[in-house]
Structures are given as C-alpha cells and as structure tokens.
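The values are calculated or read from the model by the stated rules, or taken from the named source; none is laboratory data. None of these values were measured; they are calculated from a predicted model. We place every Cβ from the backbone using ideal geometry, glycine too, and count neighbours over all the protein chains shown. Heavy atoms of the whole protein, side chains included, go into the accessibility calculation; ligands, DNA and RNA do not. Shrake-Rupley method; radii C 1.70, N 1.55, O 1.52, S 1.80 Å.
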Amino acid sequence: QVQVVESGGGLVQAGGSLRLSCAASGRIFSINTMGWYRQAPGKQRELVAAISSGGSANYADFVKGRFTISRDNAKNTIYLQMNSLKPEDTAVYYCKWDALGYQYWGQGTQVTVSS
C-alpha cells in the first residue's frame, strides 16, 4: 500500500504563483512515476505534468512554460511550481503515484485563481 498526500493549494490572484507538494510513503518501488492531474467542476480529470524516478518529465500543452515539475527521490516527493496562474487553472489538483501497474491517488488540493 502507498499513501499519497498533497499540500500547498490555496487562493491566488491571476498572475501569481503557487507551489504544490506531494509526498508518497509506504511500499515504494524505487522505479515509479508521479504526476499531477487536475479536475475542474464539470470537467474530466486531466494530466498536468508527470515525472519519472529517472527525472524525465512531460507536460500538458496548456502549462508548458508556466509550470515546472520536479522531484526529490530521497523524500519520495514531487513538486509543482505554478507561475503565471490563470483563472482557468482553478481546479482540484491530484497527485498520482504509479509503478508496476499499481496506482495510488491523493485526496486532492484546491487551487483557486481569482481574476
């Protein structure tokens, strides 16, 4: 079993920044992928960014140049630095850990961007 806990959400004005953190604990496989997803009201959950334990990252087109994902393998933690936030970035942000066919989700953290 793997526990995934997000933190760092909040309310920010358009153009501002937030940093999200996600820590995984439990039966951690050293080779894994962790990622951030988001879900706005009435919309499907979508990938924001993901990063492998080797450091390979990929981003959704709508965040390229604004968001940066990073990880600290020693802490089993990933981060999402979000800059130039827009009202359309408002959503619940979820962290996912997956490896060898197993997937675990966090409870989500709310990000609200006011115009």
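Overview of values
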item	result
Count of residues meeting criterion [assigned to a loop (DSSP other than H, G, I, E, B), open to solvent by 60 Å² or more (accessible area, probe 1.4 Å) and within 20 Å of Asn32 (Cβ to Cβ)] in region 89-115	3
Some residue of region 80-88 being surrounded by 18 or more Cβ atoms within 10 Å (Cβ to Cβ), of a type outside the set (A, V, I, L, M), touching a residue at least 40 places away in the same chain (Cβ under 8 Å) and in contact with a strand residue (DSSP E or B) (Cβ under 7 Å, 6 or more places away or on another chain)	no
Candidate set: region 11-23, residues that are more than 12 Å from the chain's Cα centre (by Cα) and surrounded by 13 or more Cβ atoms within 10 Å (Cβ to Cβ); chosen: the one farthest from Val113 (Cα to Cα)	Gly16
Residue count, region 32-41 (criterion: over 12 Å from Tyr94 (Cα atoms), open to solvent by less than 40 Å² (accessible area, probe 1.4 Å) and of a type outside the set (S, T, N, Q))	0
Test result for Gln44, more than 14 Å from the chain's Cα centre (by Cα), surrounded by fewer than 14 Cβ atoms within 10 Å (Cβ to Cβ) and not in a loop (DSSP other than H, G, I, E, B)	no
Top-ranked residue in region 47-79 [being hydroxyl-bearing (Ser, Thr, Tyr) and in a loop (DSSP other than H, G, I, E, B); ranked as surrounded by the fewest Cβ atoms within 10 Å (Cβ to Cβ)]	Ser56
Residue count, region 8-41 (criterion: in a loop (DSSP other than H, G, I, E, B) and β-branched (Val, Ile, Thr))	2
